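Sending over a structure as structure tokens; questions will come in a sec.
The values are calculated or read from the model by the stated rules, or taken from the named source; none is laboratory data. Keep in mind that what you see is a predicted model, and the values were worked out from it rather than measured. As a convention, Cβ positions derive from the backbone with ideal geometry for all residues, glycine included, and neighbour counts pool all protein chains shown.
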Amino acid sequence: MIIAVDFDGTIVTHEYPNIGKEIPFAIATLKKLQEDFQLQLILWTVREGKELDEAVEYCRKKGLEFYAVNSNYPEETPEHREPRKLKADLFIDDRNLGGLPDWGVIYNMIASGQHFNIESFFSPYQNDEFTNKGGGKKKGFLKFIFG
Ligand SMILES: [Mg+2]
């Protein structure tokens, strides 16, 4: 599995071009995903040059290394990129539809293989009505959205 992960607003709080504060458990979760699964982690960010180097170094100092940075594989260059779109199975980005789940939720979604299941976006403590953890009749998704 190839996972592309954003930096600003995803691994650290959004303070670009500065480095924000680490979002709780972001780096620990990414390291654990690397340890537990055969996956390639790609840093996928708008950062370039000095700002990009700072982000990579920030992660490296905390023990997180990426398979590739802003590319499909380490040897890829901007001039020789095919296809133009990054070939990732999954993107973790604070601009996801639905926003960025907690990193614990992200780990569980990937570990359980439920990362394409919209219901898994809702953790039980965030929304009992949708997940039906409190018992009673479960609402359908459209009813949940539109009342
Ligand atoms: Mg971002």
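Got at least one residue in segment 112-128 being exposed (fewer than 13 other Cβ atoms within 10 Å of the Cβ), at pLDDT 75 or above and part of a loop (DSSP other than H, G, I, E, B)?
Scanning segment 112-128 turns up at least one residue that is exposed (fewer than 13 other Cβ atoms within 10 Å of the Cβ), at pLDDT 75 or above and part of a loop (DSSP other than H, G, I, E, B).
Hey, another quick one. Would you confirm, using the coordinates I've provided, whether GLU35 is among the charged types (D, E, K, R) and under 27 Å from PHE116 (Cβ atoms)?
On the way: among the charged types (D, E, K, R): yes; under 27 Å from PHE116 (Cβ atoms): yes.
Yes, satisfied.
Among the candidates ALA68, ALA55, ALA28, single out the residue that is out of contact with any strand residue (DSSP E or B) (no Cβ under 8 Å at 6 or more places or on another chain) and surrounded by 11 or more Cβ atoms within 10 Å (Cβ to Cβ).
Working: ALA68 fails: out of contact with any strand residue (DSSP E or B) (no Cβ under 8 Å at 6 or more places or on another chain); ALA55 fails: out of contact with any strand residue (DSSP E or B) (no Cβ under 8 Å at 6 or more places or on another chain).
Exactly one residue qualifies, and that residue is ALA28.
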